[in-house]
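Right, one structure below, let's go through it.
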Amino acid sequence: MSTIRKRALPTAIATALTCKCCRLFRLCFPTGPSRKTASIWRSISTTTLRRPLPSIRAAFVGLGTLPMQAPELAAAELRRCVQDLGLCGVEIGTHIDMPDGSKVNLDDRSFDVLWAEAERLGAAIFVHPWDMMGKKHMEKYWLPWLVSMPAETSLAICSLIFGGVFERFPKLKFAFAHCGGSFCATVGRVEHGWRCRPDLCAIDNKRNPKEYLGHFWLDSLVHDTKMLEVVTDMVGTDKVCLGTDYPFPLGDVHPFFKPGDHIREGAFTEQQKKQMLGLNAKELLGLEGDSWGRE
């Protein structure tokens, strides 16, 4: 956690970011351990994440982690994150690796207890991929990060849509990394599948998938100004938040970009830029007034 003070805070100042939403790296919360081990590990790691925040409250807010293998424990840990630690929400993966080796998508009804609690608390749920599909077939060219990672995020969004999660919990605040991955680029195909094969796609939710565009938040990390304009045309400029993926190479990092470059360079009004550079994140994270921190 000393990295927050030594690297992230100077970077926030140097890049003119008045606040960063701080979260643990995905490898810090593997999803395969037993329910008990996962619960203990996440409790320790989330509490550790919270420790440096009081001294730099003006510059950072935090997201916790959850033992997703055990949804009831996850709901209890979410309450602790929000009510006891003052965090704004949590980060989860695009699917969950269970102790028995199986993989569970986010539409699984066992997670309803967690979604209900997140909706009640008004907690943000940030979804970020890591354990990417098809890695053994993509050993060259960094393809898991370039192909599988965007597909994982689309998998999560499609699972939540087709599984009816947004219908059962309409006030749930979901946000997705990497501008939603490949979802926006393929939503026409997703809609066509829903139309032509309702027997396969519309078995748990009858609504058109496109009706959910603008229902959830995306970060702005799409690496291309024109594509960001396309995405905002689809979901609205009020549903895109600045994303950096700091400090990783695929983030908006020096010397290639600075955080928010594509927003500032895009064909947006000054108010829309202001929304995407900060105001939308404040709404997502439940931050009120001019203060970014929670007391």
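The values are calculated or read from the model by the stated rules, or taken from the named source; none is laboratory data. Predicted model only: the values in this text are computed from it and were never measured. No Cβ is skipped: glycine too gets one built from the backbone with ideal geometry, and neighbour counts run over all protein chains shown. Surface areas here come from the heavy atoms of the whole protein model, side chains and all, with no ligands, DNA or RNA. Shrake-Rupley method; radii C 1.70, N 1.55, O 1.52, S 1.80 Å.
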Per the filter on region 150-174, residues open to solvent by 10 Å² or more (accessible area, probe 1.4 Å), assigned to a helix (DSSP H, G or I) and of a type outside the set (Lys, Arg) are Pro150, Ala151, Ser154, Leu155, Cys158, Ser159, Phe162, Glu167
Matching residues, region 177-218, being touching a Leu at 6+ places or on another chain (Cβ under 7 Å) and open to solvent by 20 Å² or more (accessible area, probe 1.4 Å)
His178
Quick one: in region 54-87, which of the residues that are over 28 Å from Lys103 (Cβ atoms), of a type outside the set (A, V, I, L, M) and under 20 Å from the mean Cα position of the chain (by Cα) is modelled with the highest pLDDT?
Gly86
So, of the residues in region 239-254 that are open to solvent by 40 Å² or more (accessible area, probe 1.4 Å) and either closer than 22 Å to Leu155 by Cα or in contact with a helix residue (DSSP H, G or I) (Cβ under 6 Å, 6 or more places away or on another chain) (or both), which turns out to be modelled with the highest pLDDT?
Leu242
Filter region 96-108 down to residues that are touching a Ser or Thr at 6+ places or on another chain (Cβ under 8 Å) and either surrounded by fewer than 14 Cβ atoms within 10 Å (Cβ to Cβ) or free of Cβ contacts under 8 Å to residues at least 40 places away in the same chain (or both), then give me how many there are.
1
Given the conditions (1) in a loop (DSSP other than H, G, I, E, B); (2) open to solvent by less than 40 Å² (accessible area, probe 1.4 Å); (3) under 25 Å from Leu285 (Cα atoms), and given that His223 satisfies all but one, which numbered condition is not satisfied?
(2)
Quick test of your reading of the structure: Pro259 fulfils all but one of (1) out of contact with any helix residue (DSSP H, G or I) (no Cβ under 7 Å at 6 or more places or on another chain); (2) surrounded by fewer than 17 Cβ atoms within 10 Å (Cβ to Cβ). Name the failing condition by number.
(2)
Subset of region 119-147 (residues that are under 19 Å from Val104 (Cβ atoms), open to solvent by less than 40 Å² (accessible area, probe 1.4 Å) and over 16 Å from the mean Cα position of the chain (by Cα)):
Gly134
Regarding Phe257, is this residue of a type in the set (Phe, Trp, Tyr), part of a loop (DSSP other than H, G, I, E, B), modelled with pLDDT of 95 or more and farther than 23 Å from Cys88 by Cα?
no
Looking at Val230 and the list (1) closer than 27 Å to Asp108 by Cβ; (2) touching a residue at least 40 places away in the same chain (Cβ under 8 Å); (3) open to solvent by 50 Å² or more (accessible area, probe 1.4 Å); (4) assigned to a helix (DSSP H, G or I), which single condition is not satisfied?
(1)
Go through region 174-195 residue by residue and tally those that are of a type in the set (Ser, Thr, Tyr) and either at positive phi or free of Cβ contacts under 8 Å to residues at least 24 places away in the same chain (or both).
0
Is it the case that Phe111 is surrounded by 16 or more Cβ atoms within 10 Å (Cβ to Cβ), of a type in the set (Phe, Trp, Tyr) and part of a helix (DSSP H, G or I)?
yes
